[in-house]
Amino acid sequence: MLKTMEPRWREISWEQAFHGASTAVARVLEKALDGNDLDFEQGLILSRVEGDDLVALVKVADEIRKRAVGDHVTYVVNRNINFTNICIVGCAFCGFSRGPNSPDAYFHSTEAVVAKSVEAVERGATEVCIQGGLPRDLDGHFYASLLRAIKSRLPELHIHAYSPMEITYGVEKTGMPLPDYLRMLKEAGLGSIPGTAAEILDDKVRRELSPNKLKVRQWINIIRTAHALGIPTTSTIMYGHTELPDHWVRHLLLLREIQKETGGFTEFVPLGFIHSLTRLFRSGHAREGSSFREDLVVHALARLLLNRYIPNIQVSWVKLGFGGALACLEAGANDFGGTLMEESISKTAGARFGEYVSPGEIRAIIRTIGRTPAERTTTYQIRKIFEEANHEERLPMERMPVLSSGNPPSGGLDCQ
Ligand code: SF4
């Protein structure tokens, strides 16, 4: 299937789509339209939709998005810095990590990361997003030192850094209690934490994907502790590998429960599995990344299950391609993510995207679906609404074919 919205979908209203749905699906969609929380069984019904029911889900999610957050599509000007690809964890879905003796292993010096941050700010970035692998001999205080080095040069820059897996590693290496460790990172300049390393929040699935990775309770503990200390985080899911639709629903409901308690999630980002260079796929244990139907369902389901609690649903253009990203923006999502400038993790795992899209290109892409682009900060304060197009806005022509067709890239690890 083409990874774009079928034109006929655009021509019908959400009411028409709703009336075309089966009784069971229409009943659940009506509940969502009335502003009610959906439960597991209702989420499960939506997670399995096809045909007219799928069209109804997508159109209703789009309508609920419009009512909740309007027609702006936000984005952030940022740079991803993956400071090392050396990692001992060995996740089967990861095509990014390398052993220390691999010819393409790297570890950027602190000076190099600071220089990349300075360059990002000079190009208009308000955020750097920093994540890396877990090298065996890493000093547990390295994460704080890196924050201090960047902040001493760029005190205004928002640093969005360190997955819960890296936080776990830092705690282990230093022997510090988690709250003290997070407090130290905050004092060193940590602004927010990517809610990556979530994959699927189910220990059985996690054992298949990455037995050495942190457990569900550890992920939740880090997130809750960060929120309690006033450090916001994003939230993510990785889908399109070995999981089933009921895992999506449980994962979303778990995030909703945490958010009800803490209010610390800024956004939810579905991340499709990039399969091609991963051990998980080569060993025959995973499917070939997500289908277009799955991309639409996961984004729409997120809108319906999280809407009142996590109103910002982000598309990952790195994973979806531009066509897929636009389709998901018409299926309940409202944020385009960041300019990135450098995103080596998905790229190494086989994604075709992941270098840099300028703010002008992002705005031009957003306008193709009739929505208004708005630049935001990491924590969703609006910096500028671009009501009118300007001379900086042009579509990235060399990549334009993916706006109308193309197979999706799929999976990996991402930072937002
Ligand atoms: S996903 Fe992260 S923790 Fe897992 S192997 Fe890759 S770099 Fe290491």
Practice prompt. Report those helices (runs of 4 or more DSSP H) wholly inside the range 276-362 carrying at least 2 residues which are assigned by TED's automatic domain parsing to the domain that holds residue 256 and modelled with pLDDT of 95 or more.
Written response: 292-306, 317-329
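Which of the strands (runs of 3 or more DSSP E) contained wholly in the range 112-212 include at least 3 residues that are within 14 Å of the ligand (Cβ to nearest atom) and without any contact (Cβ under 8 Å) to a residue 12 or more places away in the chain? Give the derivation first.
Working: elements: 127-131, 158-161, 190-192.
Output list is empty.
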Worksheet entry | Subset of the range 144-191 (residues that are crowded, with 21+ Cβ neighbours inside 10 Å and of a type outside the set (A, V, I, L, M, F, W, C)) | 160, 162, 163, 164, 166, 168, 169, 170, 181
Worksheet item: Going by the conditions given, is residue 281 in contact with a Ser or Thr (Cβ under 8 Å, 6 or more places away or on another chain) and either surrounded by 24 or more Cβ atoms within 10 Å (Cβ to Cβ) or not aromatic (Phe, Trp, Tyr) (or both)?
Response: no
Item to complete: Would you please name the residue that is farthest from residue 242 (Cα to Cα), looking only at residues in the range 83-110 that are exposed (fewer than 15 other Cβ atoms within 10 Å of the Cβ) and in contact (Cβ under 8 Å) with a residue 24 or more places away in the chain?
Response: 110
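On the basis of being in contact with a Lys or Arg (Cβ under 8 Å, 6 or more places away or on another chain), outside any loop (DSSP other than H, G, I, E, B), modelled with pLDDT of 95 or more and more than 16 Å from the ligand (Cβ to nearest atom), does residue 38 make the cut?
Values: in contact with a Lys or Arg (Cβ under 8 Å, 6 or more places away or on another chain): yes; outside any loop (DSSP other than H, G, I, E, B): no; modelled with pLDDT of 95 or more: yes; more than 16 Å from the ligand (Cβ to nearest atom): yes.
No: the conditions fail for residue 38.
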Discussion item. Can you tell me how many residues within the range 102-111 are in a loop (DSSP other than H, G, I, E, B) and either within 30 Å of residue 392 (Cα to Cα) or more than 16 Å from the ligand (Cβ to nearest atom) (or both)?
Written reply: 2
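The values are calculated or read from the model by the stated rules, or taken from the named source; none is laboratory data. From a predicted model like this one, the values you see are computed outputs, not experimental measurements. Glycine gets a Cβ as well: all are built from the backbone with ideal geometry, and neighbour counts include every protein chain shown.
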